[in-house]
1. Taking into account only those residues within region 14-26 that are surrounded by fewer than 11 Cβ atoms within 10 Å (Cβ to Cβ) and of a type outside the set (Ser, Thr, Tyr), which is nearest to His115 (Cα to Cα)?
2. Taking Asp76, is it of a type in the set (Asp, Glu), in a helix (DSSP H, G or I) and farther than 19 Å from Lys109 by Cβ?
3. Got at least one residue in region 82-89 being under 24 Å from Ala27 (Cα atoms), in contact (Cβ under 8 Å) with a residue 24 or more places away in the chain and touching a Leu at 6+ places or on another chain (Cβ under 6 Å)?
4. Picking from Ala94, Ala33, Ala80, which residue would you name as being more than 24 Å from Leu140 (Cβ to Cβ), of a type in the set (Gly, Ala, Ser) and modelled with pLDDT under 95?
Amino acid sequence: MVDQQSRRRLDGALDALSEATRGLSAAPDRVLARLGFGRAHQRILSFLARHPDSAVGDVIRGLGVTKQALNRPLRDLVDAGWVQMRQDPTNRRAKRLRLSAGGADLEWKLTGPQHALLEAAFAAAGPGAEATWLWVMSGLAGKSQSSSR
């Protein structure tokens, strides 16, 4: 059981995480809203920017979503020309996905402001802040961590 002092401290951490998420998402959300898109669209664009020529199954696993959850936003992005879908040359049943040139530009329009915010925050926090932040985020994601940083 968490004591009251710990609860207040952890509530403060949760509030800070919520505010940071809003701050980090504000600029991309405005761009996405103008396009009629949401954060699922950005997640797909970001994944494909980092993993071009992924199979649909790779995107599903990488984002931790179901095929049904991926279908509509992916179809929106393909129909808008931001994502290109082609048949896998080695498996005719599989499809490979990559960003179009416009999709790459859109992805950077969404993530560029986020990069700037993270860069400024890490610089302000000083040496070691980025590594510590990545360690904490990994823990929050439920990924194993080594005991040393």
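1. The residue in question is Arg22.
2. Considered against the rule, which asks whether it is of a type in the set (Asp, Glu), in a helix (DSSP H, G or I) and farther than 19 Å from Lys109 by Cβ, Asp76 comes out as no.
3. yes
4. Ala94
The rows are residues; the columns are (1) touching a residue at least 24 places away in the same chain (Cβ under 8 Å); (2) surrounded by fewer than 11 Cβ atoms within 10 Å (Cβ to Cβ); (3) not aliphatic (A, V, I, L, M).
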{"residue": "Gly57", "(1), (2), (3)": "yes, no, yes"}
{"residue": "Arg75", "(1), (2), (3)": "no, no, yes"}
{"residue": "Asp79", "(1), (2), (3)": "no, yes, yes"}
{"residue": "Lys95", "(1), (2), (3)": "yes, no, yes"}
{"residue": "Ser100", "(1), (2), (3)": "no, no, yes"}
{"residue": "Lys109", "(1), (2), (3)": "yes, no, yes"}
{"residue": "Ala120", "(1), (2), (3)": "no, yes, no"}
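The values are calculated or read from the model by the stated rules, or taken from the named source; none is laboratory data. Quick caveat: nothing in here was measured; it's all calculated off a predicted structure. Methodologically, a virtual Cβ is constructed for each residue, glycine included, from the backbone with ideal geometry; neighbour enumeration extends over all protein chains shown.
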